[in-house]
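Every number here is computed from the coordinates shown, using simple stated rules; none is lab data. These numbers come from a predicted model, not from an experiment. So basically every Cβ, Gly included, is an ideal-geometry build from the backbone, and we count neighbours across all protein chains shown.
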Amino acid sequence: MAAAAASRFLRRAIPAAPIRRLSTSAAVAAETSLSAPSGEDEARVIEMKGVKISGRPLYLDMQATTPVDPRVLDAMIPFYLSRYGNPHSRTHLYGWESEAAVEAARARVAALVAANPKEIFFTSGATESNNISVKGLMRFHRARKRHVIATQTEHKCVLDSCRHLQQEGFEVTYLPVRPDGLVDLDLLADSIRPDTGLVSVMAVNNEIGVVQPLEEIGRICREKGVVFHTDAAQALGKIPIDVEKMGIGLMSLSGHKIYGPKGVGALYVRRRPRVRIEPQMSGGGQERGIRSGTVPTPLVVGMGAACEIAMKEMEYDSRRVSALQDRLLNGIRARLDGVVVNGSLEHRYPGNLNISFAYVEGESLLMGLKEVAVSSGSACTSASLEPSYVLRALGVDEDMAHTSIRFGIGRFTTEAEIDKAVELTVRQVEKLREMSPLYEMVKEGIDIKSIQWAQH
Amino acid sequence: MMAVASVPSRAEVLSLLRSLLQTARKFSDYNIREYAKRRTVDGFRENKELCDPSAIATAFADGTSQLELVKRQAAVYSLYAPSVKSVMEAKGF
């Protein structure tokens, strides 16, 4: 009886999939009606997608993207105004000044990861860099190397590139991770075969924030003569990266995760010993043939500025972000039970706190937290109601995987925002638990796992 | 990096701090404004113990260029400020 009520409740709690409308930006603007009541004192209200909010939500989704640092914007603006030259133009000042700016940016990106500027290639983002790395390397060596290793918790674009390779006849090992999200080094070493061409392990996971033991992975790969690729989009500027010390052969970087602009990223390709890849883009041979297409000077300048700032501010930022993470976690734990942190707490980038709240339906929680911009996992998969594949790879139970929320803390997050987020989250979780038959049953001492669910 | 200017006086340093804080307050964006104020105070605190004259001069020159930047960006932000503010600034919050 109680179980039937519970399942009815759960079905009701799952909101209908949002209707996606194709619309121009003008239509979007029209949809967003900003009602401004008369009188200055009255708070304005935002209304969008049927949600009414009394202000712009406090932003705790730094893994999806970060706000642009005003110092980055300041560096970019001149290249949108008078310095509009094509950096590949060789015959006039416009081209020369753009080229100089691009090269200065390249040096800044290189400095942040202890690389040579000649090893940095600008791309459209980490997704493109991951595609070039995985597919480009294997296609170049297709005659002798037939096998790729990637962890199960890689970003979608790495996994999808691997799937593509499988269709071309390559073999892929999707390496399981331990329950704390970290790679099992012995298992990794055992999985490497003579025809393995590439090992791809994400430096900092986008969903759970765990930091992989890059140095150890790099050492294993070096010993076995396999190229080590790491997706460092979430790691750049947040944890120290040294391509030499970590034995990295290929690395994907992104601009908009480090307070830079969207639409720009970089690929690190080792020169000594040289890592060779087949380019995906055919064209004018820019970026030394690795990535044809005009280099977007303003974006690249922004990414360079973001890297320079990250280098100066890394220590200051990480001290703050750690303190804010403690504040958030302690604040929630002090007032709620059944709170589980997904992924290792010790080997973790503190700006990413992925928490599951037992006996609460995740989507309902997110809908109730409309004043807090958070996500249940990665932005790429947040539209689906499927539990995250990353959490499943960790062995998180289905019910807990459904209740996860990722809090992303960054450079511009304030203590007051954290306190507000704690307050709103606790209030919402308590409210949902109050009307949850599951929580009631647990309080009565019924083991939920013993319930036989109908229609499942 | 750049030609090191003469060592600033205590009054000049304090005046720079005051100007930075005053300009930071003009940011229309809640998060940027709070960051600019916080980073200014923390930056000056970090450099409080500097005694090497050239280091002091470099830090001062850096702060002066940051002031120019903050002035420019506070203006840019105000040009494009959204009509609805952060919930952190809304009343009753």
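Tabulated values for the structure
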{"read-out": "For region B:10-81, alpha-carbon Rg relative to the globular expectation (2.2 N^0.38 Å, N residues)", "value": "1.14"}
{"read-out": "Degrees separating the helix A:70-80 axis from the principal Cα axis of chain A, which is the longest one", "value": "50"}
{"read-out": "Shielding by other protein chains, B:27-38, mean Cβ within 10 Å", "value": "4"}
{"read-out": "Residues of type lysines that A:Lys443 reaches as a straight line, Cα spacing below 23 Å, ignoring anything fewer than 8 places off in the same chain", "value": "A:Lys431"}
{"read-out": "Cβ-placed point charges (K, R +1; D, E -1), dipole of the protein assembly as shown about Cα centre in debye, nearest 20", "value": "1140"}
{"read-out": "Radius 12 Å from Cβ of A:Pro194, net charge of other residues (Lys, Arg +1; Asp, Glu -1)", "value": "+4"}
{"read-out": "Cα-based equivalent ellipsoid, region A:131-185: semi-axes from gyration tensor eigenvalues, Å", "value": "22, 11, 9"}
{"read-out": "Contact order relative to length of chain B, as percent, for alpha carbon pairs under 8 angstrom and 6 or more apart", "value": "43"}
{"read-out": "Separation of alpha-carbon centers, region A:60-108 and region B:20-93, rounded to whole Å", "value": "23"}
{"read-out": "Neighbourhood charge, 12 Å Cβ-Cβ cut-off, centred on A:Gly293 and excluding it, Lys, Arg +1 and Asp, Glu -1", "value": "-1"}
{"read-out": "Residue exposure sequence - B:Lys48, A:Lys420 - by fewest surrounding Cβ within 10 Å", "value": "B:Lys48, A:Lys420"}
{"read-out": "Relative contact order [Cα under 8 Å, 6+ residues apart], chain A, whole percent", "value": "21"}
{"read-out": "Between helix A:93-112 and chain A: long-axis angle, C-alpha atoms, 0 to 90°, nearest 10", "value": "60"}
{"read-out": "A:Glu444 paired with B:Leu21, simple spin-label distance in nm, labels 7 Å along Cα-to-beta-carbon", "value": "6.0"}
{"read-out": "Amide H contacts under 5 Å for A:Asn352, placed H, 5+ residues apart", "value": "A:Ile409"}
{"read-out": "Highest to lowest packing among A:187-196, A:203-212, scored as the average C-beta count within 10 Å", "value": "A:203-212, A:187-196"}
{"read-out": "Net charge contributed by nearby residues that have their C-beta within less than 12 Å of A:Glu430 (K/R +1, D/E -1)", "value": "+1"}
{"read-out": "Scaled radius of gyration (Cα, divided by 2.2 N^0.38 Å) that region A:69-161 gives", "value": "1.44"}
{"read-out": "Cα principal axis extents for the protein assembly as shown, largest first, Å", "value": "80, 72, 50"}
{"read-out": "Estimated FRET transfer efficiency when R0 is 25 angstrom, pair B:Ala11-B:Arg72 (beta carbons, to 0.05)", "value": "0.50"}
{"read-out": "Which of A:Pro437, A:Ser133, B:Ser54, positive extreme of dipole for the protein assembly as shown (C-beta unit charges)", "value": "A:Ser133"}
{"read-out": "Ranked packing of A:327-335, B:20-28, most packed first, by mean Cβ within 10 Å", "value": "B:20-28, A:327-335"}
{"read-out": "Degrees between helix A:214-224 axis and first principal axis of chain A (Cα, 0 to 90, nearest 10)", "value": "50"}
{"read-out": "Helix-only mean residue ellipticity at 222 nm for the protein assembly as shown, each DSSP H run of n ≥ 4 adding -39500 (n - 2.57), per residue, nearest 500", "value": "-13500 deg cm²/dmol"}
{"read-out": "Selected from A:Ser252, A:Ala416, A:Ser356, residue furthest toward positive end of dipole (chain A; charges at beta carbon)", "value": "A:Ser252"}
{"read-out": "Alpha-carbon Debye profile of region A:274-390, log10 I(q)/I(0) at 0.19, 0.21, 0.22 Å⁻¹", "value": "-1.11, -1.20, -1.26"}
{"read-out": "Gyration tensor verdict on region A:314-456 (Cα atoms; rounded if a/c is under 1.5, prolate if a/b is larger than b/c, oblate otherwise)", "value": "prolate"}
